[in-house]
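Participant: Here it is: the structure, laid out below.
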Amino acid sequence: MRVLFKTDYNQDIKFAKHSGYVFWYALLLAAVFLAPAVLDTYWVNELTRVLIYALAGLGLMVVTGFTGQVSLGHAAFMAIGAYTHAFLLTQGVPFIFSLPIAALTSGVVGLMIAIPASRMTGLYLTIASLAFAIVVEDVVIHWESVTGGNRGMVVDPPALFGYEIFEAWEYYYVVLVLLIMAIALVLNILRSPLGRSMLAVRDSEVSAQSLGIRVARTKVLAFLLSAMITGLAGGLFAHFIQFLSPETFGILLSIQLLLMIVVGGLGTVHGAIFGAFLIGLLEASISILKDLLPPAIGTQPGLEPGLFGLILVLFIIFEPEGVYGRWVKFRTFLESFPFYRRNTFKRQRSYLKTERMR
Amino acid sequence: MSFFEIENLSLSFGGVKAVDDASFAMEKGEVFTIVGPNGAGKSTIFNMISSFYAPSHGTIRFKGADITDARADEIARIGIARTFQNIELFEHSTVLQNLLIGREIHNRLPVLRQLFFDPGVRRAELAHRRKVEDVIDFLELAHYRDERIANLPYGVRKKIELGRALCVEPELLLLDEPASGLNPEETEDMGFWIDDIKNDLGISVLMIEHDMSLVNEVSDRVMALNNGRVIAEGSAQEVQNHPDVVAAYLGGAA
Ligand SMILES: Nc1ncnc2c1ncn2[C@@H]1O[C@H](COP(=O)(O)OP(=O)(O)OP(=O)(O)O)[C@@H](O)[C@H]1O
Ligand SMILES: [Mg+2]
């Protein structure tokens, strides 16, 4: 059992709570930085996809995991980021400006959605976000001069300071660095008053208000930041798939993002990252499964969304804290062995008033 | 001018007059207690003070200013903090985080600086932490500092909710049944803390409570409410012996 001796309040502010964390995260960091050296292009590409998903999921995590506003339309922010970025590139705007502008554009749209949405709760908000995604898809289809409509749009490889990035491993590093920066940003949110107010709003709006938290403002800020991060992921995704068409950013992607953060573990940064890896794995397994199943089932068009939906529901019912939550329980078990109390994590239902992780 | 007063406050839910023309005034430094049978309208008065409900009639005044129409999130800034009858803590956060959220009104840093967590933000966070640690010491919560609320027993949660309200550093503290669900020792401790809050921290307390031993111990003045109406006011003893109060508790009409 690890007993932490705290000598300084800064210890609770730090990203890594103790030296064990430092070691494992350093190892992880080394692994992701060295990965392209040992993996072939196919796997580097797959890893890049996972990192982009992780970034998009991180954005969704801010709004859904932290403030409890369930969005079923986050693929739309990816679309806005992707198309804005791709369009700006065709206009000759350099990559390093175009990408932040794309993220900002997505953020501004998020802000416009958030202001009415912050007054909605639960299912209404979710339905509204779904409707929003459909509207965005329609706009993408019909605004042909910018988006190419149903014909789609080719995205050129990114160029950094005149240097064109063609290789998979080069792009992998671009994505990795941006993901790490976004993670640092979100961790900063979590350790400052803003992040605490977000969690407060999620768990109990009345007591948040009674403590002086402006609920609507907090929700709107979360939406803005969330849309920016997911929009950034969209911009990166544009180069990754190299060709944008409206159906790329459909409801399936939105469900996938939601599935990711639920399976990974709502309310934590770990959850978004874990979730992205798990979804990457799941996608790979489904495509293998498809080949194994009899064609009558394997070629059903609804197979993927159906499976994703099923897994989502199962997790919400049986493991609402996701894989990361399960891991924390397991780690606590190891650390406190043999003193582990079976009900350490059991919620005391009788006292429970504010189970509102919507 | 009184420190805090409500005047002719009324509110109905559908046909039910939850609060009916209720008035009282309390002075700074007092512990003022509202008693009354279930459904008397006590919590409804608190919820109107918190601006969760808007009264249909009447005014709420704090230090002379009319705060009836203040927004719910302005009440804490004005100087009034509260606890809830059915504990409203942030279940998925730790005790420390819950208490830090109590510091919200003392945060003035722009969002952009928080995103980058510059040295100024860190300094402010450390200052909040020291304040929170004072409250942790005061309520003897050190043992639970890093526990998640969901893992803690009821009595401890009540203490944490009290602690969170203290982190606001209010001038007036509203306690909705601070002793409900506590065992006799915990109730006794609660009594000591309320005394300390009044005497050492200089915070005035407006309290709803059913436990008469606690009411007798800490209250400077007591008011009894029944069917939304004030039926008696005075010392704890006077109110308990008032014929209307006895009748109300025996289930008769006041
Ligand atoms: N939000 C609401 N909607 C409808 N009726 C309500 C609402 N809140 C309270 N009431 C009603 O108003 C009356 C007063 O309720 P209140 O909660 O203020 O009682 P109380 O004095 O706090 O009782 P207790 O001691 O049981 O807490 C009750 O009849 C209650 O049913
Ligand atoms: Mg009540």
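Participant: Over the protein assembly as shown, average the accessible area per residue using a 1.4 Å probe and give it in Å², no decimals. Don't skip to the answer; put the middle values down first.
Facilitator: Values: 27220 Å² over 612 residues.
That works out to 44 Å² for each residue.
Participant: Here's something else I'd like to know. Which whole-Hz ³J(HN,Hα) couplings does region A:255-262 yield from phi under the Karplus relation 6.51 cos²θ - 1.76 cosθ + 1.60, θ = phi - 60°, glycine and proline marked x?
Facilitator: Each residue's phi maps through the Karplus curve to give 4, 4, 5, 5, 4, 3, 6, 6 Hz.
Participant: What's the extension gain from residue A:187 to residue A:45 if we count 0.36 nm per residue and subtract their Cα-Cα distance? Could you put the intermediate results ahead of the total?
Facilitator: Values: separation 142, 0.36 × 142 = 51.12 nm, distance 2.67 nm.
Contour length minus Cα-Cα distance gives 48.5 nm.
Participant: What fraction of the DSSP beta bridges in the protein assembly as shown is antiparallel, stated in percent and rounded to the nearest 5?
Facilitator: Working: 24 of 40 bridges.
Close to 60 percent.
Participant: Which of rounded, prolate, oblate describes region A:1-125, given a ≥ b ≥ c as roots of the alpha-carbon gyration tensor eigenvalues and a/c under 1.5 marking rounded, otherwise prolate only if a/b is larger than b/c? The partial results should precede the final answer.
Facilitator: Values: a/c = 2.24, a/b = 1.25, b/c = 1.79.
It comes out oblate by the Cα gyration axes.
Participant: Putting +1 on Lys and Arg Cβ atoms and -1 on Asp and Glu Cβ atoms, find which of A:124, A:143, A:310 reaches farthest to the positive end of the dipole of region A:39-339.
Facilitator: It is A:124, whose Cα lies furthest towards the positive end.
Participant: Sticking with this one: Using R₀ = 35 Å, calculate the FRET efficiency as 1/(1 + (r/R₀)^6) where r is the Cβ-Cβ separation of residue A:120 and residue B:220; round to 0.05. Intermediate results must be reported in sequence, preceding the final value.
Facilitator: Working: r = 45 Å, r/R0 = 1.29.
Result of the calculation: an efficiency of 0.20.
Participant: Also: Measure off 7 Å from each Cα along the Cα-to-Cβ vector at residue B:27 and residue A:154, then give the distance between these two points in nanometres to one decimal.
Facilitator: Output for this residue pair reads 8.6 nm.
Participant: Measure nothing fancy, just the Cα-based angle from helix A:74-90's long axis to the longest principal axis of chain A, in degrees from 0 to 90, nearest 10.
Facilitator: Value to nearest ten degrees: 40.
Participant: Compute the Cα gyration tensor for region A:39-339, then decide on rounded, prolate or oblate, letting a ≥ b ≥ c be the square roots of its eigenvalues: rounded whenever a/c is under 1.5, prolate when a/b is larger than b/c in the other cases, and oblate in all that remain.
Facilitator: On the way: a/c = 1.43, a/b = 1.17, b/c = 1.22.
Rounded.
Participant: Once amide H atoms are built 1.01 Å from N in the peptide plane, which residues 5 or more positions from residue B:230, or in another chain, come under 5 Å H to H?
Facilitator: Placed amide hydrogens put B:23 under 5 Å from residue B:230.
Participant: Could you list, in their original order, any pairs among B:159/B:198; A:219/B:159; B:42/B:159 whose Cα atoms are separated by more than 23 Å? Display every interim value, and only then the final one.
Facilitator: Numbers: B:159/B:198 16 Å; A:219/B:159 29 Å; B:42/B:159 21 Å.
Pairs exceeding 23 Å: A:219/B:159.
Participant: Can you give me the C-alpha center-to-center distance between region B:117-159 and region A:72-113, rounded to a whole angstrom?
Facilitator: 40 Å
Participant: Then there's this: Once you've got the GNM for chain A with C-alpha springs shorter than 10 Å, pick whichever of A:99, A:310, A:199 has the biggest mean-square fluctuation.
Facilitator: Of A:99, A:310, A:199, the most mobile in the Gaussian network model is A:310.
Participant: What is the helix-to-structure angle for B:184-199, meaning the angle in degrees between its Cα long axis and the longest Cα principal axis of chain B, kept from 0 to 90 and rounded to the nearest 10?
Facilitator: 80 degrees
Participant: In nm, to one decimal, how far is the modelled label at residue A:91 from the one at residue A:26, with both set 7 Å along Cα→Cβ?
Facilitator: Simple spin-label model gives 4.6 nm for this pair.
Participant: For q values of 0.05, 0.07, 0.11 Å⁻¹, compute log₁₀ I(q)/I(0) with the Debye formula on a Cα-only model of the protein assembly as shown, without solvent.
Facilitator: -0.27, -0.51, -1.07
Participant: Then there's this: With a 1.4 Å probe on protein heavy atoms only, tell me which residues of region B:78-92 lose at least 10 Å² of accessible surface in the complex relative to the chain by itself.
Facilitator: Output list: B:82, B:84, B:86, B:87, B:88, B:89, B:90, B:91, B:92.
Participant: How far apart, in nm, are two points set 7 Å out from the Cα along the Cα-to-Cβ line at residue B:56 and at residue B:112?
Facilitator: Going from the residue B:56 label point to the residue B:112 one covers 4.9 nm.
Participant: Here's something else I'd like to know. Quick check: the angle from helix A:193-203's long axis to the longest principal axis of chain A, C-alpha only, nearest 10 degrees?
Facilitator: 80 degrees
Participant: Let me ask something else. Which listed residue (B:93, B:38, B:83) has the Cα farthest towards the positive end of the charge dipole for region B:1-108, taking +1 on Lys and Arg C-beta and -1 on Asp and Glu C-beta about the Cα centre?
Facilitator: Among B:93, B:38, B:83, the one farthest towards the positive end of the dipole of region B:1-108 is B:93.
Participant: So which residue, out of A:177, A:220, A:50, gets the largest mean-square fluctuation from a GNM of chain A using Cα contacts under 10 Å as springs?
Facilitator: With Cα springs under 10 Å in chain A, the top fluctuation among A:177, A:220, A:50 is at A:177.
Participant: What's the average, rounded to a whole number, of partner chain beta-carbon atoms within 10 Å of each residue's beta-carbon in A:211-221?
Facilitator: Values: counts 18, 16, 7, 5, 2, 1, 2, 1, 0, 0, 1.
What the average comes to for A:211-221 is 5.
Participant: Kindly compute the accessible surface that chains A and B hide from a 1.4 Å probe when together, both sides summed, and give it to the nearest 100 Å². Can you show the working numbers first?
Facilitator: Working: alone 19200 and 12130 Å², together 27220 Å².
Protein heavy atoms only, the A-B interface buries about 4100 Å².
Participant: For region B:91-169, with all protein chains present and a 1.4 Å probe, just round the carbon and sulfur fraction of the accessible area to a whole percent.
Facilitator: Values: 1550 of 3030 Å².
The computed percentage sits at 51.
Participant: Net charge within 12 Å of residue A:157 by Cβ-Cβ distance, Lys/Arg positive one each and Asp/Glu negative one each, not counting residue A:157 itself? Walk me through the numbers before you get to the answer.
Facilitator: Details: positive: none; negative: A:156, A:164, A:167, A:170.
Local charge sum for residue A:157: -4.
Participant: Using modelled backbone amide H atoms (1.01 Å from N, in-plane), which distant-in-sequence or interchain residues come within less than 5 Å of residue A:15's amide H?
Facilitator: none
Participant: Which ³J(HN,Hα) values in Hz, rounded to whole numbers, follow from the phi angles of region B:30-36 under the Karplus curve 6.51 cos²θ - 1.76 cosθ + 1.60, where θ = phi - 60° and Gly and Pro get x?
Facilitator: Going residue by residue, I get 8, 9, 10, 10, 9, 10, x Hz, with x marking Gly and Pro.
Participant: Per 0.36 nm of contour for each residue apart, how much would the distance between residue B:146 and residue B:188 grow if the chain were fully extended, relative to their Cα-Cα spacing? Let's see the in-between values first.
Facilitator: Values: separation 42, 0.36 × 42 = 15.12 nm, distance 2.57 nm.
Value of the extension gain: 12.6 nm.
Participant: If I model chain B as equal point scatterers sitting on the Cα atoms and use the Debye formula, what is log10 I(q)/I(0) at q = 0.08, 0.10 Å⁻¹?
Facilitator: -0.33, -0.51
Participant: Same structure, new question: Out of the total accessible area of region A:24-76 (probe 1.4 Å, heavy atoms of protein only), what percent is carbon and sulfur? Kindly include the intermediate steps, with their values, before the conclusion.
Facilitator: Working: 1520 of 2030 Å².
Ligands and nucleic acids excluded, carbon and sulfur give 75 percent.
Participant: For region B:64-137, what does the alpha-carbon gyration tensor say about shape, rounded, prolate or oblate, given a ≥ b ≥ c as the root eigenvalues, a/c under 1.5 as rounded, and a/b over b/c as prolate? Don't skip to the answer; put the middle values down first.
Facilitator: Details: a/c = 1.96, a/b = 1.31, b/c = 1.49.
Since a/c reaches 1.5 but b/c is at least a/b, the shape of region B:64-137 is classed as oblate.
Participant: A follow-up question, please. Amide H neighbours of residue B:68 under 5 Å, at least 5 residues apart or on other chains, H built in the peptide plane: list them.
Facilitator: When sequence neighbours closer than 5 places are left aside, the close amide H contacts are B:60.
Participant: For A:186-193, what's the mean count of beta carbons from other chains sitting within 10 Å of each residue's beta carbon? Please list the in-between numbers first.
Facilitator: Numbers: counts 1, 1, 7, 4, 1, 7, 12, 14.
What the average comes to for A:186-193 is 6.
Participant: Cut-off 10 angstrom, C-alpha nodes, Gaussian network model of chain B. Which of B:126, B:225, B:11 fluctuates the most?
Facilitator: Among B:126, B:225, B:11, the largest mean-square fluctuation in the Gaussian network model of chain B belongs to B:126.
Participant: A follow-up question, please. Would you jot down the residues in region B:140-154 that end up with at least 40 Å² less accessible area in the complete protein assembly than in the chain alone, with a 1.4 Å probe?
Facilitator: The answer is B:148, B:150, B:151, B:154.
The values are calculated or read from the model by the stated rules, or taken from the named source; none is laboratory data. Just so it is clear, the structure is predicted and the values come from calculations on it, not from any experiment. Here the Cβ is made from the backbone with ideal geometry for all residues, glycine too, and neighbour counts use every protein chain on show. Note: areas computed on protein heavy atoms with side chains; ligands, DNA, RNA excluded. Shrake-Rupley method; radii C 1.70, N 1.55, O 1.52, S 1.80 Å.
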